[in-house]
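Heads up: the structure comes next, in structure tokens.
The values are calculated or read from the model by the stated rules, or taken from the named source; none is laboratory data. Just so it is clear, the model here is predicted, and its values are computed rather than measured. Note: ideal-geometry Cβ built from the backbone for every residue, glycine included; neighbour counts use all protein chains shown. Please note that ligands, DNA and RNA were not included when accessible areas were found on the heavy atoms of the full protein model with its side chains. Shrake-Rupley method; radii C 1.70, N 1.55, O 1.52, S 1.80 Å.
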Amino acid sequence: ETELRPRIPEPTRAELMARFEENQEEWRKPARRKMSLIEVRIRDRLSTDTSSPTPELLEEARHTARERIDLALRDLQNGVPFDEVARRYSDGSAASEGGAWGWIGRDSVRPRYQTAVDSLYELKSNQVSGIVSADDGFFIVRCDEYDPGMEPDFQAVQPQLLEKHFRQNYNRMLAEVVQDLRGKARIEPENLELFHSAVVTAGVNVHAEVSDVEPSSVNLVSD
């Protein structure tokens, strides 16, 4: 690698910029938040097990669910830790983990949780929402941590762009050297991986005429 690298031409600023613009999504890091959630479901409060509850039963279940989420909010306001309140009141699958969901993207959840996530993205780190109403239940949301993400920046990703340029050209040049030496070989090597490793240095010497460029370090392109 140290022999081939000096023979790889440095990319121009225009070439790097073109590569950057073609692959901006590769460098984009979307904003995200770490969420903890207390969830109280209306259907879990139904007094009878039915797939088609009457409006009266649903209203009764909604009232019971509202009373439960009110108790959870009261405990939070009285200083009870969020994870303890979640274990006590939440119906969610993460209740045993203190309501912790981990990192959540804005559009990374099922539709029934979208109102909770919309509330999450209005909170700052360590901030807790009020009661969030949804069609099938109620939520209390805490933003545990905030990551603003990153928009692609040409200057910031130049080292990666340069390394990618080097790696692609290095692999191409190495493949050409190996292919040429294999063509000149009298026998086909049984272990191509060992053969590739063994011919790198020899291949560079054989093909020294490929480039007259003197060895030099690759410098970042500035604006």
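Here are some notes:
- The string of couplings for the range 162-170 from the Karplus curve (6.51, -1.76, 1.60, θ = phi - 60°) is 5, 5, 5, 4, 4, 4, 5, 5, 4 Hz, one whole number per residue in order, with x for Gly and Pro.
- Relative packing of peptides 60-69, 36-45 - highest average C-beta neighbours within 10 Å first: 36-45, 60-69
- Counting charges near Asp75 (Lys, Arg +1; Asp, Glu -1) among other residues having Cβ under 14 Å from its Cβ returns a value of +1.
- Protection-proxy order for peptides 153-161, 50-58, each taking the mean of Cβ atoms within 10 Å per residue, highest first: 153-161, 50-58
- Computed from the C-beta positions of Ser125 and Met17, the FRET efficiency with R₀ = 25 Å rounds to 0.10.
- Rounded FRET efficiency, nearest 0.05, which uses the C-beta distance separating Arg74 from Gln160 and R0 of 41 Å: 0.20
- Net charge of neighbours whose Cβ lies under 13 Å from the Cβ of Tyr89, counting Lys and Arg as +1 and Asp and Glu as -1: -1
- Ranked by how many other beta carbons lie within 10 Å on average, peptides 139-150, 116-127 from highest: 139-150, 116-127
- Mean separation of Cα contacts under 8 Å, 6 or more apart, over the residue count of the range 46-192: relative contact order %: 14
- Solvent-accessible heavy-atom area per residue, rounded to whole Å², over the range 34-84 at 1.4 Å: 59
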